[in-house]
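The values are calculated or read from the model by the stated rules, or taken from the named source; none is laboratory data. Quick caveat: nothing in here was measured; it's all calculated off a predicted structure. Positions of Cβ are generated from backbone atoms using ideal geometry, with glycine treated the same way; all protein chains shown enter the neighbour counts.
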Amino acid sequence: TDAGAERLVARAVTVRFAGLLALDGVDLTVEPGSVHALIGPNGAGKSTFFNVLSGVCPPDSGTVRFGEKELTGRPPHRIAALGVARTFQNIVLTRGTVAENLMLGRHVLTRAGFTATALGLPGVAREQRIHRERAREIADFVDLGRLFHTPVDLLSYGDRKRVELARALCMEPRLLLLDEPVAGMNTAERQRMAATIAEVRAALGLSVLVVEHDMGLIMRIADEVTVLDFGRRIACGTPRRVQRDPEVIRAYLGA
Ligand code: ADP
Ligand code: MG
């Protein structure tokens, strides 16, 4: 496939909530196969930007393209089917086992869909088996294999965050959006998650856009960083350069 076809290009994205300008003409490009970090103080607009990319919040103006595909204005399930999958800042899992949560991720790809499944139409059993095998592979890949049949309620916080990652991977994305994947984790869990993200990118060759506060983690895993402050992009570049940017330092120190 043409790698250029998988560049995410967001241009002049603007979102207003009542009087508040949550995003003010934000430009951001994720290069194919790269890890791009989106950072900024609380309330800067990072989650809102993810909501725009994933179709949860259509922008008031601006465009989002993924390669040749126009994402702007499409509903979330269509965007997921076009190869852009996300996780949420706060864990959103369904009750049930790890396997059941991962199968929900696979449903994005099921042509037959829920109706055919419910009716037990021919071919569905075979399709379900293939999806289950792939869900199992992905669970093994993110080190959740031994917990495949465990109810998610019984998992540690760190493992539940990994289930979210695995569920997004089950959609076979070409671009993965991770909203604070290590928030609330202890040091060991953080290191494990950082290693998994790096492995996922290397093994699956996909692009990653990640919202994260942990500067150490960003320096280790990101190729490029975009900084938002009050809905505006105030810097963009390599982690090293962005970290030294006077405007970024000012935004973080609140000066
Ligand atoms: P971040 O993820 O960078 O912390 P958010 O994108 O969550 O920031 O929020 C950006 C701004 O938009 C904040 O001021 C927040 O209060 C506001 N906001 C976010 N979502 C909504 C909403 N659904 N309705 C009204 N205001 C919102
Ligand atoms: Mg947020």
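Restricted to the stretch 37-86, and to residues that are in a loop (DSSP other than H, G, I, E, B) and within 12 Å of ligand 2 (Cβ to nearest atom), which residue is nearest to residue 197 (Cα to Cα)?
Going through the qualifying residues, I end up with 40.
Quick check on residue 116: is it in a helix (DSSP H, G or I) and either of a type in the set (Ser, Thr, Tyr) or modelled with pLDDT under 90 (or both)?
Yes.
Of 155, 204, 209, 147, which residue is within 23 Å of residue 106 (Cβ to Cβ), in contact (Cβ under 8 Å) with a residue 24 or more places away in the chain and within 14 Å of the chain's Cα centre (by Cα)?
Only one candidate qualifies: 209.
If residue 80 meets every condition in (1) at pLDDT 95 or above; (2) buried (at least 20 other Cβ atoms within 10 Å of the Cβ); (3) over 24 Å from residue 238 (Cα atoms) apart from one, which number is that one?
Every condition holds for residue 80 apart from (1).
Name the pairs whose Cβ atoms lie under 6 Å apart, with the first residue in the stretch 49-67 and free of Cβ contacts under 8 Å to residues at least 40 places away in the same chain, the second part of a loop (DSSP other than H, G, I, E, B) and away from ligand 2 (no atom under 16 Å from the Cβ), and 6 or more positions between them or separate chains?
Partner pairs satisfying both residue conditions: 55/74; 55/75; 58/73.
In the stretch 178-251, which helices (runs of 4 or more DSSP H) lie fully inside it and hold 3 or more residues that are over 30 Å from residue 20 (Cα atoms) and polar (S, T, N, Q)? Can you show your working first?
Values: elements: 187-204, 215-221, 239-244.
By residue number, 187-204.
Looking only at the stretch 51-84, filter to residues that are in contact with a Lys or Arg (Cβ under 6 Å, 6 or more places away or on another chain) and of a type outside the set (Gly, Ala, Ser); which one of those is farthest from residue 165 (Cα to Cα)?
60
If you take the residues in the stretch 22-36 that are in a loop (DSSP other than H, G, I, E, B) and not acidic (Asp, Glu), which one is nearest to residue 209 (Cα to Cα)?
34
Of the residues 172, 127, which is crowded, with 17+ Cβ neighbours inside 10 Å and either closer than 22 Å to residue 55 by Cα or touching an Asp or Glu at 6+ places or on another chain (Cβ under 9 Å) (or both)?
Unique residue meeting the criteria: 172.
Which condition does residue 17 not pass, out of (1) modelled with pLDDT of 95 or more; (2) within 16 Å of ligand 2 (Cβ to nearest atom); (3) surrounded by 14 or more Cβ atoms within 10 Å (Cβ to Cβ), if it passes all the others?
The one condition residue 17 does not meet is (3).
Counting only residues that are of a type in the set (A, V, I, L, M) and within 14 Å of residue 141 (Cβ to Cβ), which one in the stretch 172-195 is farthest from ligand 2 (Cβ to nearest atom)?
Restricting to residues being of a type in the set (A, V, I, L, M) and within 14 Å of residue 141 (Cβ to Cβ), the top hit is 195.
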